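Novice: Pasting a structure here, questions to come.
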Amino acid sequence: MLVFPITNSISNAFKRREGAIFCLNEFRALLSNIYSAHTCWDWPGPTGWHGRGEDGISKDEGGTGVKGKGLLPLDHEHGEQVQLLMHAIVDSVQELLLVPRRGRMRHIHTPCGRSEMKQVVEAECKGRQEVIRLIGRLHRATESLKAAGMPANEASRINAYVCRLTTNFEWLWSYKTYRTSVALRGMAHITTQLMPAFYGPYYLHISRGEGDESNLVFACCFACLNSLLLVGLQSLERLLENPFRDGATDNIRVKEEMQLCRETLSILQNDTHDEWYQGLEQYVLPPKKESTQDCHDSYPA
C-alpha cells in the first residue's frame, strides 16, 4: 500500500511512453508514404499514361504531352518542394517535443516558476502553430496534383494519410502537455517523507533482537534500503514523467527518431528515379546448397 502511488505512477508513465513511441513510428510511416505518393503516383493523360509528366506542350513540338482541358502542368520541382516541406515538419516537431515540461508544483506556487511556465507555454503554442500550418500545406500540395489531373479518389487517399498524420501529431501533443495524476505524485512524496518516521519503532524492535542479541547493523541497513527504494522509484517516475526528455536513459530518443525520418525521406528521394525492378538482384540471398547427406546418416547405428 505504501508504494502503490509510486508504482501506479510509473505504470502510467510507461504506458504514455509506449503510446508516444507508437505515435512517432506511425508518424514516420505516414510521412514516407505521403512523400512517395507526391513523387511517384502517376495517372492517365489525354494521350496515354504518364499524365504526371505532361508539360502542356505536344510531343510534335518537343514537349511531353498536352494537358487536358482546364488542367495545369505539374511543377517539375514538386517532389523536392514536398520533401523540403516534410523536413520542415520533422524539424518543427522535434523542436516542440524537446521543449521543457511544465506542470510541476513550482510552476503554480512560486513567482519564478510561473514565469518559467509562461515561457514554456509560449514555446509550446508557437511550435504547435508551426506544425499545424506546415501539415495544412500538405493538403495544398495535394491540390497541385489534382490541378495536374490526378483522379479525385487518389487525391482523397493522400488527404486521408495527411488526416492520420494530423491525428498522430495531436496524440503527441497530448503526451507532451499532459502529466500523470498530481494526487498520486503528491501521495508518493508524502509516503517517502513520512514512512521512515512511522516505521522507526519497528526498526528499533529489529535492532534490539532477542535476548542479548543485537541487530543494529541489520536494522540500519534495512531502514536505509527501504528509504532508498522509495526514493529510487520516485526518481524513476520523475524521469518517465516527460517521455521526450533529451538525454534520459529510458525516455524516447527524439533526435534519433527524427533523424530516421530525414534518412527515410532521403532514401526514398534517391530511389525515385530508378524503375521498381532495377537492382533487385543485390538484395536477394543466394540459394543455400542442399546437403546430399541423408539425415539418418548422422546418427550412429
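The values are calculated or read from the model by the stated rules, or taken from the named source; none is laboratory data. Only a predicted model underlies this, so the values are computations on that prediction, with no experimental measurement involved. Note that we place each Cβ from the backbone using ideal geometry, even for glycine, and neighbour counts take in every protein chain shown. Note: areas computed on protein heavy atoms with side chains; ligands, DNA, RNA excluded. Shrake-Rupley method; radii C 1.70, N 1.55, O 1.52, S 1.80 Å.
Novice: As an exercise, use a Förster radius of 41 Å and the Cβ-Cβ distance of Gln81 and Arg179 to find the FRET efficiency, rounded to the nearest 0.05.
Specialist: Taking R0 as 41 Å, the efficiency between Gln81 and Arg179 is 0.60.
Novice: Follow-up question, since we're still on this one. When we measure straight from the Cα of Lys67, which aspartates and glutamates land under 20 angstrom away, once same-chain ones fewer than 8 places off are left out?
Specialist: Straight-distance partners of Lys67: Asp42, Glu54, Asp55, Asp75, Glu77, Glu143, Glu154.
Novice: Using Cα-Cα distances under 8 Å and only pairs 6 or more residues apart, what relative contact order does segment 195-277 have, in percent?
Specialist: Rounded, it is 14 percent for segment 195-277.
Novice: Please compute the modelled spin-label separation between Ala152 and Leu98, points set 7 Å along Cα→Cβ, answer in nm with one decimal.
Specialist: 4.4
Novice: Percent of accessible area on segment 1-143 owned by carbon and sulfur, 1.4 Å probe?
Specialist: On the way: 4540 of 7860 Å².
In segment 1-143, the share of accessible area belonging to carbon and sulfur is 58 percent.
Novice: If packing is taken as the average number of other Cβ atoms within 10 Å across a peptide's residues, how do 159-167, 40-48 rank, most packed first?
Specialist: Per-residue Cβ counts within 10 Å, averaged per peptide and sorted highest first, yield 159-167, 40-48.
Novice: State in Å² the accessible area per residue of the chain; use a 1.4 Å probe, count heavy atoms of protein chains only, and round to the nearest integer.
Specialist: It amounts to 63 Å² per residue over the chain.
Novice: Restricting to DSSP H runs of at least four residues, report the calculated mean residue ellipticity at 222 nm for the chain, -39500 (n - 2.57) per run over all residues, nearest 500 deg cm²/dmol.
Specialist: Counting only the DSSP helices, I get -22500 deg cm²/dmol.
Novice: A further question on this structure: Using only alpha carbon positions, build the gyration tensor of segment 157-202, then give the equivalent ellipsoid semi-axes as the square roots of 5 times its eigenvalues, largest first, whole angstrom.
Specialist: In descending order the semi-axes read 47, 8, 5 Å.
Novice: Taking K and R as +1 and D and E as -1, what net charge do the other residues with C-beta under 13 Å from the C-beta of Ile89 add up to?
Specialist: Residues close to Ile89 contribute a combined charge of +2.
Novice: What FRET efficiency do you get for Gln282 and Ser32 if R0 is 22 Å and r is their Cβ-Cβ distance, rounded to the nearest 0.05? Walk me through the numbers on the way to the answer.
Specialist: Details: r = 22 Å, r/R0 = 0.98.
So the FRET efficiency works out to roughly 0.55.
Novice: Oh, and also: Relative contact order (percent) for the chain, with alpha-carbon contacts under 8 angstrom and 6 or more residues of separation?
Specialist: Averaging sequence separation for qualifying contacts and normalising by length gives 26 percent for the chain.
Novice: How do the peptides 79-86, 199-206, 133-140 rank, highest first, by the average count of neighbouring beta carbon atoms within 10 Å per residue?
Specialist: Peptide ranking by packing, descending: 79-86, 133-140, 199-206.
Novice: Let me ask something additional. Going by amide H atoms built from the backbone, whose H comes under 5 Å of the H on Arg245, apart from near neighbours?
Specialist: Ile252
Novice: How large is the Kirkwood hydrodynamic radius of segment 40-149, in angstrom, based on all distinct alpha carbon pairs?
Specialist: Result for segment 40-149 stands at 17.3 Å.
Novice: What does the charge count near Gly56 come to, summing +1 for each Lys or Arg and -1 for each Asp or Glu among other residues with Cβ under 14 Å from its Cβ?
Specialist: -1
Novice: Relative contact order of segment 143-301: what whole-number percent is it, with Cα pairs under 8 angstrom and at least 6 residues apart? Please list the in-between numbers first.
Specialist: Working: 57 pairs, mean separation 20.4, N = 159.
Relative contact order, segment 143-301: 13 percent.
Novice: Over the alpha carbons of segment 151-255, what is the largest minus smallest coordinate on each principal axis, giving the biggest first in Å?
Specialist: 92, 26, 20
Novice: Expected output is a single nm value to one decimal: the length gained when fully extending between Lys118 and Glu256, i.e. 0.36 nm times separation in residues minus the C-alpha distance. What is it? Kindly include the intermediate steps, with their values, before the conclusion.
Specialist: Numbers: separation 138, 0.36 × 138 = 49.68 nm, distance 2.86 nm.
Using 0.36 nm per residue and subtracting the Cα-Cα distance, I get 46.8 nm.
Novice: Let me ask something else about it. Over all pairs of distinct alpha carbons, what does the Kirkwood formula give as the hydrodynamic radius of segment 28-85, in Å?
Specialist: Over segment 28-85, the inverse of the mean reciprocal pair distance is 12.4 Å.
Novice: D for segment 131-174, whole µm²/s, Stokes-Einstein with Kirkwood Rh over alpha-carbon pairs at 25 °C and 0.890 mPa s: what number?
Specialist: My calculation gives 225 µm²/s for D.
Novice: Could I ask something else about it? Taking a threshold of 20 Å on the Cα-Cα distance, which of the pairs Lys126/Lys146; Lys15/Lys126; Lys15/Lys176 fall above it?
Specialist: The pairs that break the limit, which is 20 Å between Cα atoms, are Lys126/Lys146; Lys15/Lys126.
Novice: Counting only complete DSSP H runs, which helices of the chain cover 30 Å or more along their long axis at the Cα atoms and score a mean Kyte-Doolittle of -1.0 or above?
Specialist: Membrane-span-like by this criterion, though nothing is claimed about a membrane: 4-40, 111-147, 152-177, 216-241.
Novice: I'm checking a number: the convex hull volume of the Cα atoms of segment 115-213, normalised per residue, in Å³. What is it?
Specialist: With only Cα atoms used, segment 115-213 gives 164 Å³ per residue.
Novice: If you look at just the Cα atoms of the chain, how large are its Rg and its Dmax in Å?
Specialist: That works out to 30.2, 111 Å for Rg and Dmax.
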